[in-house]
Amino acid sequence: MKPLRALAAALASLFVLLPAVAGAIEIREITTPLGIKAWLVEDKSTPVVALSFSFSGGTATDPAGQAGITDLMAGLLTDGAGSMNAQAFRQRQENAAASLGFNASLDRLNGSLRVLSANREEGFELLRLALTEPRFDPDMVAQRRAQTIASINQAAQRPGSVAGRTLMETLFAGHAYAADPDGTPEGLAAATPELLKKRAAELLLRNGLIVAAVGDIGEAELARQLDHSFGLLPTGTLPSLPQQWVPPTKPRVVVVERPVPQSSALMAVPGIPRDDPDWYAALVMNHVLGGGGQQSRLFNEVREKRGLAYSVSSGLRTYKRAALLLMSTGSANERIGEAIEVIRAEMGRMRTEGVTEAELTDAKTYLTGALALSLDSSGSIAGLLHSMQIDGLSPDHLTRRAALIAAVTLDDVRKVARHLLRDEALTTVVVGKPVGVTQVP
Amino acid sequence: MPLTGRRALLGGLLAGAALSPSGPALAKLFAVARRNAETFTLPNGLQVIVLPSRRAPIVTQVVVYKVGSADESFGHTGAAHFLEHMMFKGTDQVPAGEFSRIVSRNGGRDNAYTTFDSTGYHQTIAAEQLELVMRMEADRMTNVRITEREIVPERQVILEERRMRTDNVPASLLDEAVRERLYGLHKPYAMPIIGYADDIKRLGVDDLAGFYRRHYAPNNAILIVAGDTTAEQVQKLAERYYGPIARREIGPRLRPSQGGTDLPQTVNRADARVAEPRWSRLWLAPSYRVGETKYAYALQVLARLFGGSETSRLSRVLVQERRIGLSAWASYGPSSLGLTSFDIGVHPAKSRSLEEVEEAVTAEMKKLLDGGVTAEEVERAQNQLLAAAIYSQDSLASGPRIYGTALSTGSTVADVDAWPQRISTVTRDEVVAAARHVWRDNGAVTALLTPAARGG
């Protein structure tokens, strides 16, 4: 911790949080006897162990004709394993007060385990069973399939969900990211227990694994438990990545009609990859434009001044093969056109003027401090450690992050704003019965 | 004001060995997690709870006012929530919109919420900025300026919020209609928290300033600070910033002891925006404060074992075995200053009718009333409830939420502390007796959500 303190002292006035944050999380990298690598933050303040992990390959690699199989498979991993059917497996989880769950995102198959440290033996045993002996009993497959189809039908009526889906289909037409991670009724119908087993075997590979652990557990004990849970998994060929995305080069406006009084709008331009040198400048730019909280330009112009919306924000999203800068809002059908125009005007102002010195300073303080705010539970710390590994960061990133943010200049922000906020690359989706919004195909 | 040392939530549970029903399994759960809470009261009546945690160098401040939408009158619905929005619109010290900007500029986050019984304001920020947020929160306890200029755009924001949460969502519109029947038209809990659109359009400076004067005072508030701090530090700052605020006369909080008089009823919302039908039924139920309050703990166990998880009776029988439902649930919330409800719901499986669902649910209810519940399922439900309480101690936000809810709905810190013991001593007979008390036809509204032909 010594070098850290020195660095902190140098930045003392502005980045008061740095030493505390770094002190709060001391990340250790471990390698188990069977060769599994993991990050660990040992924390005895609560008697809990939280594990966040994932495997390479997500819904974007669903086999042709089986749209939705990866997410369906993920959910079914905890619906019976070994000699236990779904009910018996759940009861054992409940008896141990353990919670174990899986889901799939576009790029990865994700899992989490939370267990009282006193019951960790049982928690890691249930994890082993789910990973290595899942059953895919036909009755559970049928049940989960029916539930997924119902939730797809429901999402098709929620304006926000429709907007999200339509945006992805529009931006990623012809690319694997266009597909709904939940799948389609046809794809789900094709997912037989045999195919689900095959899909699990394709993805649950030790060499595709990333693990983070937080809580009341030491290095040696974690290594033993990880080998128990993951050690039996085979290694193999990782699923190939989707092709690189070619972003759209002309503006589009898509309107989807739904019988609702308030329209949902999503606007997106191509974003910036996580490993781009301008990432932190983009982070600052986004914070000033529409980043979380109630201080952004979009919040001020769309909500505070004009009362056009309750919710308005922007955010950076990254995938393995694409990146987006996304703006979203919802406004009465008669006023959504004005809200969209205000957002476009703010994009334009940011592109031409960048941010002010005061905005830059405030954004830096917030972005530096906000990291600590997310460290409020074992699960959230494990999630942070896990996503750092996905992003290819090193454990000492937390000690360097503040300096990376501090180094962002007004010019950096202006440059990244000019690069990202281009009208000609803007895709807009509006769902509802918007007045005065014209489609641009 | 001496500090009172307290064992929060799971305190007092080391007596686990004396709690017979579930024996070792529960005792093991009890023993593992405890958090110290300290409480004191300022001379002006402000009640303070401190929940120290050293995990991260951050603190959360929550101020909860003992006023919510159920304290409004018909014609003025939405006032509590509208005022919550206006609390960000400035004092002499902090200009309109600046509160959140200052918090953000200092690396923190803030927000607020309104419920039927309470209104809460919270910030999470670096530990050394606790003084800043305490100073600003104390300032707006008494100095907010409510002006027409700020109300005008904010009214539109709130109408958009209503469109987003309610008018765009068929299930929310059904819920509004169901509450009107269950609790009785124009009665507390029957009127929506966000308010009816007509009322939101009508509320003005006088309504909101009056509501603020009547309800916002130190003796009607609870201050909760969790995180990297100490009771001594919080007490010092609380005395400095909240201490000088004068107490006010606060009127009684009135809640009817009866619900809707014309029950049972059925409400059907047929809506073109509904893709999957839903059957549900809500019964008027006692809370910790009103009605047969002795059942409040048994009802939590009942909700859990009947429909609270995928191992519950409804899930097992309706979803797994008979394939009548896609999913099924039961829920019950005891923290209310007035009556509350016990809810059961089912999403029917494809090609199953709402009538079939209702018959199956009714049969399961009858089976429970006639045949009782097993010791094993009671114990499992108790374990689930206690495990959730233990895990909630792992997060900084949950402690303030638990105490804030309890103290604004008439419960005490001692009640919160005793909760695990009261849950773990619920017996099989009490669960059945509670079910028999609540599941009465003349206390229920059946709520149906069905697809309608698309009109565009």
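For the residues A:R317, A:R303, the requirement of being within 19 Å of the chain's Cα centre (by Cα) and either of a type in the set (K, R) or not in a helix (DSSP H, G or I) (or both) singles out A:R317. Being in a helix (DSSP H, G or I), of a type in the set (D, E, K, R) and free of Cβ contacts under 8 Å to residues at least 40 places away in the same chain: is that true of A:R400 here? Taking the combined requirement at face value, the residue satisfies it. Candidates in region B:382-434 are the residues that are of a type in the set (D, E) and outside any loop (DSSP other than H, G, I, E, B); of these, the one that is farthest from A:A372 (Cα to Cα) is B:D429.
Out of A:A345, A:A363, A:A358, one residue alone is within 11 Å of another protein chain (Cβ to nearest Cβ), within 25 Å of A:L421 (Cα to Cα) and surrounded by fewer than 21 Cβ atoms within 10 Å (Cβ to Cβ). It is A:A358. Within region A:277-291, the set of residues being in contact (Cβ under 8 Å) with a residue 24 or more places away in the chain, away from chain B (no Cβ under 11 Å) and part of a loop (DSSP other than H, G, I, E, B) comprises A:D278, A:G290. Residues considered: A:S311, A:S374. Of these, the only one that is within 14 Å of chain B (Cβ to nearest Cβ), surrounded by fewer than 21 Cβ atoms within 10 Å (Cβ to Cβ) and within 24 Å of A:V408 (Cβ to Cβ) is A:S374.
Residue check: B:N268 meets all listed conditions (1) part of a loop (DSSP other than H, G, I, E, B); (2) within 22 Å of B:A447 (Cα to Cα); (3) touching a residue at least 60 places away in the same chain (Cβ under 8 Å) but one, namely (1). Just one of the listed residues (A:Q143, A:Q225) is within 12 Å of another protein chain (Cβ to nearest Cβ) and either surrounded by fewer than 22 Cβ atoms within 10 Å (Cβ to Cβ) or in a helix (DSSP H, G or I) (or both), and it is A:Q143. Taken over region A:31-76, residues that are surrounded by fewer than 24 Cβ atoms within 10 Å (Cβ to Cβ) and acidic (D, E) amount to 2.
Checked against (1) in contact (Cβ under 8 Å) with a residue 60 or more places away in the chain; (2) within 14 Å of chain B (Cβ to nearest Cβ); (3) assigned to a loop (DSSP other than H, G, I, E, B); (4) farther than 22 Å from A:V435 by Cα, A:Q294 passes all but a single condition, namely (1).
For region A:385-400, a residue qualifies if it is within 17 Å of B:A56 (Cα to Cα) and modelled with pLDDT under 95, and the qualifying residues are A:L398, A:T399.
Candidates A:E133, A:E169, A:E121: the one that is surrounded by fewer than 17 Cβ atoms within 10 Å (Cβ to Cβ), more than 10 Å from every other protein chain (Cβ to nearest Cβ), out of contact with any Pro (no Cβ under 8 Å at 6 or more places or on another chain) and closer than 30 Å to A:E424 by Cα is A:E169.
Is it true that some residue in region B:267-277 is under 19 Å from the mean Cα position of the chain (by Cα) and not small (G, A, S)? No, the conditions are met nowhere in region B:267-277. Reported count of residues in region B:40-73, each being within 22 Å of the chain's Cα centre (by Cα) and either more than 14 Å from chain A (Cβ to nearest Cβ) or in a loop (DSSP other than H, G, I, E, B) (or both), is 16.
Looking across A:A104, A:A81, one residue alone is among the small types (G, A, S) and either within 14 Å of chain B (Cβ to nearest Cβ) or closer than 27 Å to A:P242 by Cβ (or both). It is A:A104.
Look at (1) more than 14 Å from chain A (Cβ to nearest Cβ); (2) closer than 23 Å to A:N119 by Cα and you find that B:G410 fails only one, number (2). Taking the condition away from chain A (no Cβ under 14 Å), acidic (D, E) and within 15 Å of B:I344 (Cα to Cα), does B:D417 pass? When the stated conditions are applied, B:D417 does not pass them.
Matching residues to (1) assigned by TED's automatic domain parsing to the domain that holds B:E180; (2) farther than 30 Å from A:A86 by Cα; (3) modelled with pLDDT of 95 or more; (4) buried (at least 22 other Cβ atoms within 10 Å of the Cβ):
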| residue | (1), (2), (3), (4) |
| --- | --- |
| B:R289 | no, yes, yes, no |
| B:T293 | no, yes, yes, no |
| B:A298 | no, no, yes, yes |
| B:R313 | no, no, yes, no |
| B:L318 | no, no, yes, yes |
| B:G333 | no, no, yes, no |
| B:G338 | no, yes, yes, yes |
| B:D343 | no, no, yes, no |
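Of all the residues in region B:179-208, those that are outside any helix (DSSP H, G or I) and within 12 Å of another protein chain (Cβ to nearest Cβ) number 1. Out of all the residues in region B:346-376, which are small (G, A, S), surrounded by 12 or more Cβ atoms within 10 Å (Cβ to Cβ) and either in a strand (DSSP E or B) or within 14 Å of another protein chain (Cβ to nearest Cβ) (or both)? Matches in region B:346-376: B:A349 only. Against the criterion of being part of a helix (DSSP H, G or I) and out of contact with any Phe, Trp or Tyr (no Cβ under 9 Å at 6 or more places or on another chain), A:R128 does not qualify. A:S331 satisfies every condition listed in (1) farther than 18 Å from A:V430 by Cα; (2) at the interface with chain B (Cβ under 8 Å from one of its Cβ atoms) except (1).
Output yes when any residue across region A:89-110 is surrounded by 20 or more Cβ atoms within 10 Å (Cβ to Cβ), part of a helix (DSSP H, G or I) and either in contact (Cβ under 8 Å) with a residue 24 or more places away in the chain or small (G, A, S) (or both), and no when none is. Yes: one or more hits. Of the set (1) more than 8 Å from every other protein chain (Cβ to nearest Cβ); (2) closer than 30 Å to B:T340 by Cα; (3) charged (D, E, K, R), all apply to B:D110 but (1). All told, B:L237 meets the bar of being in a helix (DSSP H, G or I), closer than 23 Å to B:Y403 by Cα and not small (G, A, S). What about A:A189, is it more than 18 Å from A:A382 (Cα to Cα), touching a helix residue (DSSP H, G or I) at 6+ places or on another chain (Cβ under 9 Å) and either buried (at least 19 other Cβ atoms within 10 Å of the Cβ) or in the same structural domain as A:E29 (by TED's automatic domain parsing) (or both)? Against the criterion (more than 18 Å from A:A382 (Cα to Cα), touching a helix residue (DSSP H, G or I) at 6+ places or on another chain (Cβ under 9 Å) and either buried (at least 19 other Cβ atoms within 10 Å of the Cβ) or in the same structural domain as A:E29 (by TED's automatic domain parsing) (or both)), A:A189 qualifies.
Restricting the first residue to region A:238-263 and requiring it to be away from chain B (no Cβ under 14 Å), which pairs with a second residue that is exposed (fewer than 14 other Cβ atoms within 10 Å of the Cβ) and aliphatic (A, V, I, L, M) meet a Cβ separation below 8 Å and a spacing of at least six or different chains? If the second residue must be exposed (fewer than 14 other Cβ atoms within 10 Å of the Cβ) and aliphatic (A, V, I, L, M), the pairs left are A:P251/A:V440; A:R252/A:V440; A:V253/A:V440. The residues listed here are B:E176, B:E154; of these, the one that is assigned by TED's automatic domain parsing to the domain that holds B:F82, over 19 Å from the mean Cα position of the chain (by Cα) and part of a helix (DSSP H, G or I) is B:E154.
The values are calculated or read from the model by the stated rules, or taken from the named source; none is laboratory data. These numbers were taken from a predicted model, which means no experiment stands behind them. In this analysis, Cβ positions are derived from the backbone assuming ideal geometry, glycine residues included, and neighbour counts consider all displayed protein chains.
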